[in-house]
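Everything on this sheet refers to the single structure shown next.
The values are calculated or read from the model by the stated rules, or taken from the named source; none is laboratory data. Since this is a predicted model, take the numbers as computed values, not measurements. Glycine also receives a Cβ, built like all others from the backbone with ideal geometry; neighbour counts cover every protein chain displayed.
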Amino acid sequence: MGAVETAQRVLDWVARPAGNVPNGTLWKAARLADPPPDVVRRLAEITWRSNAVRGMGNPPFGEAARVGLGGVLLAAVIGGRDHPEPAMMIANSLVRTRSRLPDATARHAVVLPALRGVPSWQGVEGLPDLLLRASPLTAVLHHPPGDPDSSEYRAVQERVAELVTRPHGRAVVVGTLAECDSDVRVLGWRAYLLNQWLRHGELDLVRDVYATAWLRHGKAWARQIGQALRWEGKPTPVMKATGAYWAAAERVDLGRTRPVARGYDSALRLVHRYRTWRGR
């Protein structure tokens, strides 16, 4: 099995996720520059499906451009994660290439399921952040590499500001940020964005995220919030991150501006408790 076959196995897994994310070798990696037609078709299929589910439009975000092979190379990197040196080298080559939006959606369609599906990156701890650097749309819709004080966070924030001006961009960003999640880094990134929007007067974006969160995902959020409210003792990182995510809600008067999103009182109670947790 070579690099192309490894990429094919990962793309097949993304198309129909079941069990563990496949792995393989990265032998004959040069063949990734000209993969067989069935590999290219598989990438096109999962990209189209991902774009449709997210409502990115056709062409995605109004930009008609050719989808490159970045998704195929990233599939090989993910499958070849047990071979750190060639995997990191291929991923680094993609970080250095600018990705147009249609190609960025293909990379995202491959990278996001892998980030969620690989239980451990032991031995290649730096690879997930490298995948995020190579997949700029995943850095926007999942979380950026680095930490909130880094230049990478600020760069991705600028990317978000540009994306919301594009066709379908605002709806995709709002809809994604509204989803219930228990990943601390994802919640941290969303809290960061919501607070930045609050600080810069983008109040309708903040309101739309929270209203969409409660209207579309209210049951999931209610469970996560309820667990935190019932907890006694030191809060878990997820509880604190959930409180941080909802913190901006008490400053945008959702009851008056988005009355359709009713029943989020428990979220505001969690915010009040979160204020007492911050020093713990």
Among the residues of the range 157-184, write down those that are buried (at least 18 other Cβ atoms within 10 Å of the Cβ) and without any contact (Cβ under 8 Å) to a residue 24 or more places away in the chain.
ASP181
For the structure I just gave you, tell me whether ARG262 is over 14 Å from VAL206 (Cα atoms), modelled with pLDDT under 95 and of a type in the set (D, E, K, R).
yes
What do you reckon, is ALA247 surrounded by 22 or more Cβ atoms within 10 Å (Cβ to Cβ) and either in contact with a strand residue (DSSP E or B) (Cβ under 7 Å, 6 or more places away or on another chain) or aliphatic (A, V, I, L, M) (or both)?
no
Which one of GLY55, GLY71 is over 24 Å from ARG98 (Cβ atoms), in the same structural domain as ALA106 (by TED's automatic domain parsing) and modelled with pLDDT of 95 or more?
GLY55
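Here are ARG9, ARG41, ARG66, ARG31: which of them is within 15 Å of PRO113 (Cβ to Cβ) and of a type in the set (Lys, Arg)?
ARG9
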I need every pair where a residue in the range 244-273 that is assigned by TED's automatic domain parsing to the domain that holds ALA191 has its Cβ under 7 Å from the Cβ of a residue that is surrounded by fewer than 16 Cβ atoms within 10 Å (Cβ to Cβ) and of a type outside the set (A, V, I, L, M), sequence separation at least 6 or different chains.
SER266/GLY226; LEU268/GLU250; VAL271/GLU250
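Considering each of TRP197, TRP189 in turn, give the residue that is under 22 Å from ALA139 (Cα atoms), in a helix (DSSP H, G or I), outside the structural domain of PRO113 (by TED's automatic domain parsing) and touching a His at 6+ places or on another chain (Cβ under 9 Å).
Working: TRP197 fails: touching a His at 6+ places or on another chain (Cβ under 9 Å).
Matching residue, one of TRP197, TRP189: TRP189.
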Given the conditions (1) among the β-branched types (Val, Ile, Thr); (2) crowded, with 16+ Cβ neighbours inside 10 Å; (3) assigned to a helix (DSSP H, G or I), which single one is not true for VAL21?
(3)
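Can you go through TRP121, TRP231 and tell me which one is of a type in the set (Phe, Trp, Tyr) and over 26 Å from ALA15 (Cβ atoms)? Let's see the steps before the verdict.
Working: TRP121 fails: over 26 Å from ALA15 (Cβ atoms).
After applying the criteria, what remains is TRP231.
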Odd one out for GLY146, checked against (1) surrounded by 19 or more Cβ atoms within 10 Å (Cβ to Cβ); (2) farther than 18 Å from VAL164 by Cα:
(1)
Does LEU215 satisfy the condition of being of a type in the set (A, V, I, L, M), touching a residue at least 40 places away in the same chain (Cβ under 8 Å) and closer than 20 Å to ARG258 by Cβ?
yes
